[in-house]
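Here the structure is laid out as structure tokens; the discussion comes afterwards.
The values are calculated or read from the model by the stated rules, or taken from the named source; none is laboratory data. Just so it is clear, the structure is predicted and the values come from calculations on it, not from any experiment. Neighbour counts are summed over all protein chains in view; Cβ atoms, including those assigned to glycine, are modelled from backbone coordinates with ideal geometry.
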Amino acid sequence: MRAAGTRSLRGHVVSSRRFRASRNCAQQAAWRAAITQPLTRCHAPLCSPSHAGIIDAVQARIHNPDETTFVCVCIPEFLSLYETERLVQELSKFDIDTHNIVVNQGLFPEPPPAGEGGAARACDRCAARTRMQAKYLEQIGDLYEEDFHVVRTPLLNEEIRGPAKLRAFSAFLTQAYDPATTPLPAVLARGCQ
């Protein structure tokens, strides 16, 4: 007897999740073929010759680095770094421009408060996360600094909502954030609580 949620696939019992994943691989292969090769014939029931021209035009724009570039956004953790590397490799296979990486939600050591002379004491959790992220920030630097525009943005205590906060945060996308030289704008600044 098979457990609920399993199917037999070529004599093997696999979970429904694995079965769906095998179907997705076929779909992914079809998508890859559609992106990399010009559309010559469409087998979809709703696709007409007029759609073929639109698809070809979109495909040409995606492959034109003057019109389209892909900005990868990750956080400084293992899985996110791994997935970003996979994404960069896949996009490169299809000649899709990607030269920008945004590393979001970074914890940076805070400079000591003025006049106290000593280092600011971070909570144990923040200090541990900062050390962990520093390792991955170094790996991101090793992998991408030479060929990519890498921007690091800080972790904030609140969501970026509203025009004022969005405008203030967007400055980090063009100018690198360095807590020693670039204080957080007042609209974004709130300390650890």
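Here are the numbers:
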item: Among (1) under 23 Å from the mean Cα position of the chain (by Cα); (2) over 25 Å from residue 86 (Cβ atoms); (3) surrounded by 13 or more Cβ atoms within 10 Å (Cβ to Cβ) - the single one residue 152 does not satisfy; result: (2)
item: Verdict on residue 164 being part of a loop (DSSP other than H, G, I, E, B) and more than 15 Å from residue 74 (Cβ to Cβ); result: no
item: Any chance residue 67 is part of a helix (DSSP H, G or I) and surrounded by fewer than 17 Cβ atoms within 10 Å (Cβ to Cβ); result: no
item: In region 71-101, residue surrounded by the most Cβ atoms within 10 Å (Cβ to Cβ) [restricted to those that are of a type in the set (D, E, K, R) and part of a loop (DSSP other than H, G, I, E, B)]; result: 97
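Yes/no per residue for (1) modelled with pLDDT under 90; (2) within 19 Å of residue 188 (Cβ to Cβ):
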residue: 90; (1), (2): no, no
residue: 105; (1), (2): no, yes
residue: 115; (1), (2): yes, no
residue: 119; (1), (2): yes, no
residue: 124; (1), (2): yes, no
residue: 127; (1), (2): yes, no
residue: 142; (1), (2): no, no
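Residues are listed down the side, and each one gets a yes or a no for (1) among the charged types (D, E, K, R); (2) modelled with pLDDT under 90:
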{"position": "135", "(1), (2)": "yes, no"}
{"position": "150", "(1), (2)": "no, no"}
{"position": "157", "(1), (2)": "no, yes"}
{"position": "177", "(1), (2)": "no, yes"}
